[in-house]
Amino acid sequence: MSAPVSLKPSLIVRLVGLCVARAWLVVTAVILLCVAITHYVTGHFAMTTETYALLSPELPWRLRQAAFNAAFAQDESDIVVVVDGQTPELSEAAAASLGASLSAQTRLFHSIQRPDSGPFWARNQLLFASAEDVKTFIAQLLKAQPFLGSMASDPSLRGLAKTLSLAVQGVSNGQASPEELRTPMRTLTDALEAVAVSKSSFFSWRSLITRHDPDTLELRHIVLVGPVLDFGQLQPGKLPIDAIRATAKRLQLDTAHGVRVRLTGPVPLQDEEFATLAQRAGLIACLASGAVILMLWFAVRSPWLIASILATTLVGLLMATALGLALFQRFNVISVAFIPLFVGMGMDLGIQFSVRYRAERGAGGDVAKALTATVSTLGKSLTLAAAAIGAGFLAFTPTAYYGVSQLGVIAGLGLLVALALNLTLLPALIALGRPPGTSLRPGARLTRIDSYVLGHRRLVVGLGALAALISAALLPRLHFDFNPIRLRSSEVESVATLVDLMRDPDQSPNTLEVIRSNLATADSLAAIFRTDPNVYGAHTLSSFIPTGQREKITLIADAANLVDLTLNPLEVATPPTDAELVDSLNQAAAKLRQASIEDSSLRADTRRLADEFDALARGSKSARAHAEEMLLPGFVTTLEQIRNLLQPAPVSIETLPPEILRQWQTADGRARVSVLPKGDSNDDVVLRRFVAAGVKIAPDATGTAIYLQAYGEAVVGAFVEAGVLSFVAICGLLLIALRRVRDVAITMAPIVLTGFLTLGSCVLIGQPLNFANIIALPLLFGIGVAFHIYFVMSWRSGGSHLLTSSLARGVFFSALATATGFACLWASSHPGTASMGKLLMISLVWTLASALLFQPALMGPASVKNETAETTS
């Protein structure tokens with residue numbers, strides 16, 4: 001780092017003179033080098049999108065998480081498939097068929113789980129209900145016994161028609177209550193009417209039997225999928241996700257068939273985030289490129305200079321990429337941010353050099369002399385700025401956030417590459433193109449502003465200090481939004497599905513997890529958690545052992561004996577032919593019309609049903625097949641579910657399924673406590689209170705809720721640490737170079753002011769820092785350091801009225817090029833990227849204000865007078 005700083009101007013001048021004299025040789029050598037580097041980059045480029053590995057594994061909360069993962073190795077379910085059905089039968093059948101089909105695709109999936117289904121839950125679900133709920137279910141089952149028995153012995157449309165006609169006759173003869181038939185009659189009639197007009201209709205036998213609308217738990221099933229991922233791709237889960245969607249389409253699991261399949265979980269969230277980033281990417285790239293080129297035109301007014309700056313920047317970017325791959329073998333989602341850092345800083349060096357060249361050449365001076373004069377007056381400033389910023393970025397290295405650490409190394413060394421190219425390749429390209437100079441004179445407005453700033457230094461400095469104090473007072477209200485969900489578009493499926501799940505406390509992924517030495521201790525801790533108002537529930541292995549089992553099993557066994565022949569008839573009729581079906585429908589319609597029913601409402605429904613049976617009998621065979629497809633599979637599913645529910649077995653720890661034991665207790669007896677938050681866990685306030693309460697009860701807690709907060713705090717801590725180290729490193733380097741504490745303070749004070757104003761503005765407009773926009777801060781810091789070094793170095797060399805100088809012109813258009821280029825990110829449909837563009841715009845506005853107004857007022861009259869001082873050039 002010290003090498004560039006120690007270079008004497010005469011050495012830099014000789015280097016530039018050599019490159020100008022041998023311009024073709026320099027350009028040819030660079031082209032050959034680029035060909036070799038391009039071959040290396042294309043053959044070795046790699047990038048990982050895995051974010052969990054970006055933080056040091058030695059952090060205390062990560063050690064606790066690792067210990068929990070080692071003790072209770074959760075099956076890798078990076079894709080959560082949410083299956084919602086219009087009826088409980090459709091949901092169950094869809095989840096079962098999807099899970100079975102995915103299990104056969106072993107190349108793409110290594111595990112498929114259904115945590116809310118399986119033999120254990122199918123047989124013992126009633127044991128987890130209250131005794132009163134069990135009695136209610138049995139009573140409803142007994143009432144539906146005649147209906148079930150008739151349908152079980154003939155599970156066809158023929159059997160349904162006969163069953164309903166017999167039920168109506170029973171009401172007509174006074175053997176049954178109209179109330180018992182009203183709901184089945186109306187529901188079935190509505191379903192058949194919908195079929196007749198080709199409308200989607202979904203009929204639930206379970207709801208018909210239980211006589212209540214199904215809740216979310218009955219209509220929704222979860223399939224946990226462990227995909228085979230390729231982290232070498234920007235979308236590691238693309239193939240598994242595409243396979244799930246294709247399978248669902250093949251199985252006709254869609255809204256037309258009463259089912260909705262949605263994907264969420266870490267992999268879909270990350271993959272869809274990259275897809276969101278790709279939206280408008282072409283538009284944003286065009287806008288950014290156009291804006292940058294336009295600002296370059298305003299700055300240098302020469303197509304050749306614009307092309308030279310861009311070529312030098314791109315060559316440097318290619319070299320920095322190769323350097324990063326050589327050092328770290330692959331980039332990550334943070335270190336790849338060196339690209340905008342390099343482009344912003346590399347273009348600034350090129351703009352400063354080119355603007356100064358045009359001023360030195362004037363109306364028609366010699367190109368070589370103009371280049372020599374440029375590097376004589378500007379070379380030291382460029383070198384010191386690049387060295388200082390490079391040292392600042394390298395100071396990121398000790399942080400525990402590996403992404404930031406690698407970013408600092410690549411950006412820091414890349415700045416030295418950019419400096420070298422702007423002192424070799426750029427002068428050579430300018431010498432070959434011989435772009436014209438300029439004899440621009442300062443405008444009257446700039447002169448008045450410059451005179452006012454220098455004439456009212458105390459006022460300008462005082463206003464700056466006051467603004468800094470106000471901004472500092474606002475800083476306690478600035479917060480870091482650690483919730484990654486708000487960085488993603490709420491319109492994408494994975495985000496919308498996750499938010500939907502998080503509204504249900506039973507499904508919240510933001511849990512706390514605790515390990516205790518045995519189950520008894522874990523149960524005691526869970527009981528303490530349940531008393532906290534921020535806790536919705538606390539589960540241990542004991543939560544899977546239902547209470548009151550003996551009473552419930554006795555009730556269920558008695559009911560099973562009563563309905564055994566009903567559910568398991570000795571003889572089941574063979575499926576009818578279409579002719580037999582037509583005949584049975586006609587007979588049933590006739591009997592329905594002949595029935596004498598006093599209840600007017602039921603009589604109207606009976607006649608409607610008779611009309612539908614007549615219509616089906618007269619209709620096509622396909623219409624009857626469609627009706628059977630709608631009604632009968634659900635009945636078969638419901639019948640099988642009831643059979644299973646009536647066969648519970650005593651549940652104990654010894655009889656629990658192995659997968660449940662594995663997730664809740666280790667072989668050496670250690671037990672897990674899982675705690676759920678009360679309220680919407682997507683709300684930062686709710687989650688913070690929950691974590692604070694949980695950590696107070698169990699300081700050794702881990703889990704997703706703690707991971708989210710701790711990750712955010714670690715990122716903020718890493719950036720704060722990197723910022724402090726960078727500030728110290730830059731101050732130290734400036735002190736060595738400038739040798740005056742006052743000059744160092746004058747250089748750094750506007751940077752501090754810019755930081756305060758930027759963060760204060762974020763508070764005022766309600767823009768929190770987040771994982772996305774915080775990455776922009778190093779770029780803003782680097783640009784600010786460069787601008788202020790340029791001004792201080794010019795001031796030390798005797799420059800005055802700097803606001804009207806070519807240096808101010810270079811700073812102004814360099815900032816505009818960066819601002820307009822990266823502010824186009826504001827147009828992104830990705831909320832995180834848009835917030836980055838917003839922060840960049842805010843900060844660059846304040847950077848310009850502090851550099852062009854506060855800095856000159858702070859410096860005052862030139863400290864040194866010499867003949868080479870730039871005044872109005």
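The values are calculated or read from the model by the stated rules, or taken from the named source; none is laboratory data. Given the structure is predicted, the values throughout are model-derived calculations rather than measurements. Ideal geometry is used to build each Cβ from the backbone, glycine not excepted, and the neighbour counts take in all protein chains shown. For accessibility, only protein heavy atoms count, side chains too; no ligands or nucleic acids. Shrake-Rupley method; radii C 1.70, N 1.55, O 1.52, S 1.80 Å.
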Worksheet entry | Filter result for Asp154 (among the charged types (D, E, K, R) and either modelled with pLDDT under 80 or farther than 30 Å from Leu541 by Cα (or both)) | yes
Discussion item. With the structure loaded, tell me whether Gln329 is of a type in the set (S, T, N, Q) and either more than 28 Å from Ala299 (Cβ to Cβ) or without any contact (Cβ under 8 Å) to a residue 60 or more places away in the chain (or both) or whether it fails that test.
Written reply: yes
Worksheet entry | Matching residues, the stretch 593-645, being open to solvent by 20 Å² or more (accessible area, probe 1.4 Å) and within 27 Å of Lys552 (Cβ to Cβ) | Val636, Thr637, Glu640, Gln641, Arg643, Asn644
Worksheet item: Within the set of pairs 6 or more residues apart or between chains, which connect a residue that is part of a helix (DSSP H, G or I) inside the stretch 572-589 to a residue that is open to solvent by less than 70 Å² (accessible area, probe 1.4 Å) and acidic (Asp, Glu) with Cβ atoms less than 8 Å apart?
Response: Leu585/Asp614; Asn586/Asp614; Ala589/Asp614
Fill in: Filter result for Ile293 (modelled with pLDDT under 75, farther than 30 Å from Ser508 by Cβ and of a type in the set (Val, Ile, Thr))
no
Item to complete: Looking only at the stretch 179-214, count how many residues are charged (D, E, K, R) and modelled with pLDDT of 75 or more.
Response: 4
Worksheet, complete the sentence: If we ask which residues in the stretch 453-464 are open to solvent by 50 Å² or more (accessible area, probe 1.4 Å) and out of contact with any Gly (no Cβ under 7 Å at 6 or more places or on another chain), their number turns out to be 6
Fill in: Among (1) modelled with pLDDT of 85 or more; (2) within 17 Å of Gly810 (Cα to Cα); (3) within 40 Å of the chain's Cα centre (by Cα), the one test that Val417 misses
(2)
Discussion item. Can you pull out every residue in the stretch 496-514 that is open to solvent by 40 Å² or more (accessible area, probe 1.4 Å) and closer than 30 Å to Ala667 by Cβ?
Written reply: Asp506, Gln507, Pro509
Practice prompt. Check every one of the helices (runs of 4 or more DSSP H) wholly within the stretch 765-873 and list those with 1 or more residues that are modelled with pLDDT under 80 and over 30 Å from Leu459 (Cα atoms).
Written response: 776-796, 806-823, 831-849
Worksheet entry | Some residue of the stretch 219-227 being closer than 24 Å to Asp500 by Cβ, buried (at least 18 other Cβ atoms within 10 Å of the Cβ), modelled with pLDDT under 80 and out of contact with any Cys (no Cβ under 9 Å at 6 or more places or on another chain) | no
Item to complete: May I ask you to list pairs of residues, at least six apart or on different chains, whose Cβ atoms are under 6 Å apart, with the first in the stretch 245-268 being of a type in the set (Lys, Arg) and the second being in a helix (DSSP H, G or I)?
Response: Arg262/Glu493; Arg262/Thr497
Worksheet item: In the stretch 136-171, which residues are among the charged types (D, E, K, R) and open to solvent by less than 50 Å² (accessible area, probe 1.4 Å)?
Response: Asp154, Arg158
Worksheet entry | Matching residues in the stretch 468-484 - criterion: being open to solvent by 30 Å² or more (accessible area, probe 1.4 Å) and over 26 Å from the mean Cα position of the chain (by Cα) | Leu469, Ile470, Ala472, Ala473, Leu474, Leu475, Pro476
Worksheet item: Residues in the stretch 317-331 that are at negative phi and open to solvent by 10 Å² or more (accessible area, probe 1.4 Å): how many?
Response: 10
Worksheet, complete the sentence: Of the conditions (1) in contact with a strand residue (DSSP E or B) (Cβ under 9 Å, 6 or more places away or on another chain); (2) assigned to a loop (DSSP other than H, G, I, E, B); (3) open to solvent by less than 20 Å² (accessible area, probe 1.4 Å), the single one that Val675 does not satisfy is (2)
Worksheet entry | Residue ID - nearest to Val409 (Cα to Cα), chosen from residues in the stretch 1-60 that are at pLDDT 85 or above and aromatic (Phe, Trp, Tyr) | Tyr40
Worksheet, complete the sentence: Those residues of the stretch 138-175 which are of a type in the set (S, T, N, Q), free of Cβ contacts under 8 Å to residues at least 60 places away in the same chain and closer than 20 Å to Leu632 by Cα amount to Ser150, Thr163
Worksheet item: What is the number of the single condition among (1) open to solvent by 40 Å² or more (accessible area, probe 1.4 Å); (2) more than 16 Å from the chain's Cα centre (by Cα) that Glu493 does not meet?
Response: (2)
Worksheet item: For the stretch 335-350, how many residues meet the condition of being over 16 Å from Val417 (Cα atoms) and open to solvent by less than 10 Å² (accessible area, probe 1.4 Å)?
Response: 1
Worksheet item: Is one or more of the residues making up the stretch 308-318 over 23 Å from Leu423 (Cβ atoms) and more than 26 Å from the chain's Cα centre (by Cα)?
Response: no
Worksheet item: Which numbered condition trips up Val691, out of (1) assigned to a helix (DSSP H, G or I); (2) surrounded by fewer than 18 Cβ atoms within 10 Å (Cβ to Cβ)?
Response: (2)
Worksheet, complete the sentence: Filter the stretch 646-660 for residues that are open to solvent by 30 Å² or more (accessible area, probe 1.4 Å) and touching a residue at least 12 places away in the same chain (Cβ under 8 Å); the one that is nearest to the chain's Cα centre (by Cα) is Glu659
Discussion item. Is it the case, given these coordinates, that Leu555 is in contact (Cβ under 8 Å) with a residue 60 or more places away in the chain, within 26 Å of Leu90 (Cβ to Cβ), in a helix (DSSP H, G or I) and aliphatic (A, V, I, L, M)?
Written reply: no
Discussion item. I need the full set of residues from the stretch 388-410 which are part of a helix (DSSP H, G or I), at pLDDT below 85 and open to solvent by less than 10 Å² (accessible area, probe 1.4 Å), in order please.
Written reply: Ala388, Ile389, Gly390, Gly392, Phe393, Gly403, Val404, Leu407, Gly408
Worksheet item: Residues in the stretch 626-635: is at least one of a type in the set (Phe, Trp, Tyr), part of a helix (DSSP H, G or I) and closer than 30 Å to Phe137 by Cα?
Response: yes
Item to complete: List every residue pair whose Cβ atoms sit under 8 Å apart, with the two residues 6 or more apart in sequence or on different chains, where the first one lies in the stretch 756-784 and is under 22 Å from Leu466 (Cβ atoms) and the second, anywhere, is among the charged types (D, E, K, R) and surrounded by fewer than 23 Cβ atoms within 10 Å (Cβ to Cβ).
Response: Val763/Arg477
Practice prompt. Any chance you could count how many residues in the stretch 97-130 are open to solvent by 40 Å² or more (accessible area, probe 1.4 Å) and farther than 21 Å from Glu551 by Cβ?
Written response: 13
Practice prompt. Being of a type outside the set (Lys, Arg) and crowded, with 22+ Cβ neighbours inside 10 Å narrows it down to one of Gly717, Gly782, Gly766, so name that one.
Written response: Gly782
Worksheet entry | Checking Ala710 against (1) modelled with pLDDT of 85 or more; (2) under 24 Å from the mean Cα position of the chain (by Cα), the condition it does not meet | (1)
